[in-house]
Amino acid sequence: MRSLIKLGLLLVAGILVYNFFFGDETEKAQSREIFEKVGDLGRAGINLLRTEKEKFDDGKYDDALDKIGGLFDKVRDKAEDLNDSELLRDISRLEKKRQDLQERVDRNAPQGYSDAEKDSLQKEWKSLMEESEEVMKRLEDQ
């Protein structure tokens, strides 16, 4: 079943690329529109990351982590549409990093955060945001 899905995604990607270069005007426009939507998702994702980073810096950890998780789901869907296994691997790695950070936040939230813990969380968050932004830029470039 999984192989059929991958084959289908590869077929769709091939058709899009073919139509983009060799299709008639309608097919080229349709392919261009799909590629633009992928780019729009990348730009919107970068903006969301920056906004959530500011919230995280202000101590609003849970909401920021939840929103980033939702963004990763959408980006994963687009990477699957593009059949980009390297991008999917990076997204999975970032999701794991986000989940680890979420566990730390959940564990420490009831008793509050020490200054050292806040610094550590903010460094991890910054790293997650930088790596996520790189993935978004790669998605936007495709």
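Which distance in nm do the two modelled labels at residue 36 and residue 99 give, with both placed 7 Å along the Cα-to-Cβ direction?
Using points 7 Å along Cα→Cβ, the separation is 3.7 nm.
Under the 0.36 nm per residue contour assumption, what length would be gained going from the current alpha-carbon distance of residue 138 and residue 28 to full extension?
Gain on stretching residue 138 to residue 28: 37.4 nm.
No value in this document is a laboratory result; all are computed from the given coordinates. Please read all numbers here as calculations on a predicted model, not as lab measurements. FYI the Cβ positions are ideal-geometry reconstructions off the backbone, even for glycines, and counts take in every protein chain you see.
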